[in-house]
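Below: one structure, written as structure tokens.
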Amino acid sequence: MNKVQCPICDAAMPGNWQEYPDYPFCTARCRKIDLGRWLDGKYRVPDPTSADAPVSSQDDAD
Ligand SMILES: [Zn+2]
């Protein structure tokens, strides 16, 4: 069985992915978030010096 997770909120998506109209996102909300990120990256000129720079605000609540 394939375990599908929403790429935005990591929510598990049980059942068939065909049941999700917003696949690969769990909801329309996550789809909007992804779209917003995409547009944000398109309209904003990325700073090559800070690309993939490690963010020091990582919170490992493990
Ligand atoms: Zn989601």
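Which loop-located trypsin sites (Lys or Arg not before Pro) does segment 7-44 contain, where loop means any DSSP state but H, G, I, E or B and the Cβ has at most 14 other Cβ atoms within 10 Å?
Listed in order of number, the matching sites are R44.
Quick check for you: with a 1.4 Å probe and neighbouring chains kept, what is the accessible area per residue of segment 1-43, in Å²?
Solvent-accessible surface per residue comes out at 84 Å².
Just to be sure I follow: if Rg is taken over the C-alpha atoms of segment 1-43 and Rh is the Kirkwood radius over the same atoms, what is Rg/Rh?
1.05
So what is the relative contact order of segment 1-43, in percent, for Cα pairs below 8 Å that sit 6 or more residues apart?
So the answer I get is 29 percent.
The values are calculated or read from the model by the stated rules, or taken from the named source; none is laboratory data. Just so you know, these numbers come straight off a predicted model, no measurement behind them. Neighbour counts run over all protein chains shown; Cβ positions are idealised from the backbone, glycine included. Calculation scope for accessible area: heavy atoms of the full protein, side chains included, ligands and nucleic acids excluded. Shrake-Rupley method; radii C 1.70, N 1.55, O 1.52, S 1.80 Å.
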